[in-house]
Every structure is written in structure tokens, then in C-alpha cells.
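The values are calculated or read from the model by the stated rules, or taken from the named source; none is laboratory data. Bear in mind the structure is a predicted one, so any value in this text is a computation, not a measurement. Here Cβ is always computed from backbone atoms with ideal geometry, including for glycine, and neighbour counts include all displayed protein chains.
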């Protein structure tokens, strides 16, 4: 029998005016729906978003995952599906301020924060790892260590904002570096827009065979599941 399950389309990385994005949450939601996405995560830098998820779903017809982008100089990490109060509590404990720029933190501190978030049920994805400059990007050894310890569940190998900044030739260099490393370690690979402006939402996205968006995070945590990548660009 042919499966009738739907392919959910999701983009788990984008920003609003609460950090360095250009559009408010309402505008991002409307655009995401118009572009055919079923699930999104709004991930402002070190700012956990407080949403009434059921109200958003009824009003905009889209499922939103609460989240934020932990922004350290040694790497950025997407924290998804965790209550904002838990995130705020931990960031306050380590004196990490809600601001757009990346902050300095020891690797021991990063491990401790991630362990707390994972223990409380978060899905963690490494944002744009292996950028050659090393700034704001998890380096290979640290990325491998965090994955082996179960402190991250996946890593981006496509990121539309990086494509926008790097242009085509340099973007291909980064993509190949990230893809080779991530697939070698068998880390689940993600493709996200990292949109800082509404018209770039969904330029990169993922697809998974699932009918219930509320089960997306738990399904992704299992790791061994087919995730297809989509793009609106020619790359």
C-alpha cells in the first residue's frame, strides 16, 4: 500500500526585529505561510521567543517551534522546542545577555548549557558549522565532540544567509566543507534559510514524511530518518 503521509516542509532558522532581523514576527509568519511552509522556528540571537503556539496556529495556519540561536564566538547553536523560561534561567546563570553579537564563552560553559537544554528536551542544531574563518562557526573537533556526547542532534549544510553573504563561489566552498564533514560523522544534515528579512524565508528548507507537525521535534531527535532538502535558488 502506498503511504498517504504528507511531506512536511520546515525551516528552523530565522530572525525577527527582536535581534538582527528586519521584520516583526507577524510579517515572518505570514510570509512563511504564503511560501508553503508547514513548520518554522524563530531563532533570535540569545533571545528566547515567547509564543502562544496554539493561537498562532489557528490564526496563521502554521506551526511554530519556540527557540533561539545561542551565539558564541566559537559557534552558533539553534535551541529548539524548549520553554523560554528554561532558556532565560540558564542564560542568566551564565551571565549571557540578550544581544545580537556573539559572546565569548569557554567550551566547558557551552557544554554545560547544552547539557541542561538537552536534558530538558531541546533539539540542538549547529548553525552554519565549518565556516573557514572560524568566527561564529563550530570547528570540526568541537562539533564532533558535541555530537558524540549527544549535545547536538544535527548540523546545517545549507544556509541561505551564508549564500547571500558569500556569493556563489565561496558559498560552494563552505557547503562542500560542511557537507563532507557532517556526512562523514553521520550527523543529520539540515538546510535552513537563516532569514533576516521576510522575503528570504524558505529559500532553504527541509522536508520530512510526517503528517503531524507537533511530532516533528521528537521525530528529528531520533536522527535516523530521511530528511530531504529544498531550495528556491539555482544551487
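Kindly evaluate residue 101 against the criterion of being in a strand (DSSP E or B) and closer than 16 Å to residue 127 by Cβ.
So residue 101 fails the test.
State whether one or more residues within the range 104-116 are in contact with a helix residue (DSSP H, G or I) (Cβ under 6 Å, 6 or more places away or on another chain), farther than 16 Å from residue 25 by Cα and surrounded by 15 or more Cβ atoms within 10 Å (Cβ to Cβ).
Looking for residues that are in contact with a helix residue (DSSP H, G or I) (Cβ under 6 Å, 6 or more places away or on another chain), farther than 16 Å from residue 25 by Cα and surrounded by 15 or more Cβ atoms within 10 Å (Cβ to Cβ), one finds at least one in the range 104-116, hence yes.
Out of 29, 8, I need the residue that is touching a residue at least 40 places away in the same chain (Cβ under 8 Å), in contact with a helix residue (DSSP H, G or I) (Cβ under 9 Å, 6 or more places away or on another chain) and farther than 23 Å from residue 117 by Cα. Which one?
Going through 29, 8 in turn, just one is touching a residue at least 40 places away in the same chain (Cβ under 8 Å), in contact with a helix residue (DSSP H, G or I) (Cβ under 9 Å, 6 or more places away or on another chain) and farther than 23 Å from residue 117 by Cα: 8.
Residues 69, 88: which one is at pLDDT 90 or above and part of a helix (DSSP H, G or I)?
88
What's the number of the condition residue 74 fails, among (1) surrounded by fewer than 21 Cβ atoms within 10 Å (Cβ to Cβ); (2) modelled with pLDDT under 95; (3) over 18 Å from residue 137 (Cα atoms)?
Every listed condition holds for residue 74 apart from (3).
Being in contact with a helix residue (DSSP H, G or I) (Cβ under 6 Å, 6 or more places away or on another chain), over 17 Å from residue 161 (Cβ atoms), modelled with pLDDT of 95 or more and part of a loop (DSSP other than H, G, I, E, B), is that true of even one residue in the range 42-52?
No, that holds for no residue.
Can we say residue 122 is closer than 29 Å to residue 170 by Cβ, crowded, with 17+ Cβ neighbours inside 10 Å and within 17 Å of the chain's Cα centre (by Cα)?
In short, no.
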